[in-house]
Amino acid sequence: MKKLIDRFGRVHTYLRISITDKCNLNCIYCNPADSALRGELSRSILSYEELIRLIKIFVADLGITKIRLTGGEPLVRKNVENLFRMLKEIKDKHPFELGLTTNGILLEDKIDFLKKFGLDKINISLDTLRKERFIAITGADNIDAVFNGINKAEKLGYNPVKINAVIMKGINDDEIPGFIEFVKERNLNIRFIEYMPFTSNGWNEKEFISYQEIKNIAEENYSLVEIECGELIDRRTDVILIALHAGFTVHARYSGRAARQHGDQRCHECDAIHDSLLCNAVTTTSKQSESSTRPISQSWRRCSRW
């Protein structure tokens, strides 16, 4: 079997596929009201048959073992169930891990079907736990649907359900402790993501809060306990491996020397290939009740893409 190898000699086994650019939300950091791209949706996306043809090549011939479907919001694409039916046929012949990143609004109604047809991992984007703030950030009044989707995923045995929160100064940075409490004692992970600029998203430096500031806020009430990065953690215990990126690291920015030296060192929790100097694994425990509170999985990500 051939392998996908980049110019730094790293073997890639993880494929992310955006199946639509449409979304049922208008988040302020993604599609602001004054965006030049607002309403300019693609007219030439691949059909399901074309996607399946490509996926077959990647998993059967190029060694891909993990695929994540994203968008836009992938669950808004018409007849998305048909795609999962076709993916299940491929998985039966060429096993791979199938993940989904969603805003969760349509998840409660679709998750039984998705699980039946091979969905293995779920990431849910949620930037606030407050109803009025959710409306302000997304332009929609359906935070309850997101909570219902999270609860249903957890009930069906997804462990962990990963919650992605883009943190913006003066908008939702006061909710960092609340998110930690939200996931505590549950099969949930919270991952705080820096607000980063991209084309026409109206990025404002005044709303940027760095991973270090996020970390400092968390440490006001929680202790960070360092564990060895890359260590295989028994998921039956209360310790969960997560990644804390200490520098801006994306695959394309590695030097040839670092890539060759660390090309096979992929963090199984954050999916990044990184130098051990740039990533530490940590768990968090409550300072107030360290003996009784189980660790909470966190990760602070400096990433150029959502």
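Laboratory data are not the source of any read-out in this text; all were calculated from the coordinates shown. All figures in this text were calculated on a predicted structure; none of them were measured in a lab.
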Review point. By how many nm would the segment from ASN187 to LYS56 lengthen if fully extended, with 0.36 nm per residue of separation less the alpha-carbon distance?
Key: 43.9 nm
Check your understanding: Hey, if you drop one equal point scatterer on each alpha-carbon of segment 4-158 and run the Debye formula without solvent, what base-10 log of I(q)/I(0) do you get at q = 0.19, 0.20 Å⁻¹?
Key -> -1.21, -1.28
Exercise for review: Of the DSSP beta bridges with both residues in segment 4-158, give the percent that are antiparallel, rounding to the nearest 5.
Suggested key: 15 percent
Check your understanding: For LYS2, which lysines qualify as cross-link partners when the Cα separation must be under 28 Å and same-chain residues fewer than eight apart are set aside?
Key -> LYS56, LYS66, LYS88, LYS91, LYS93, LYS121
Check your understanding: If you average 1/r over every pair of different alpha-carbon atoms in segment 117-166 and take one over that average, what Kirkwood value in Å do you get?
Key -> 11.7 Å
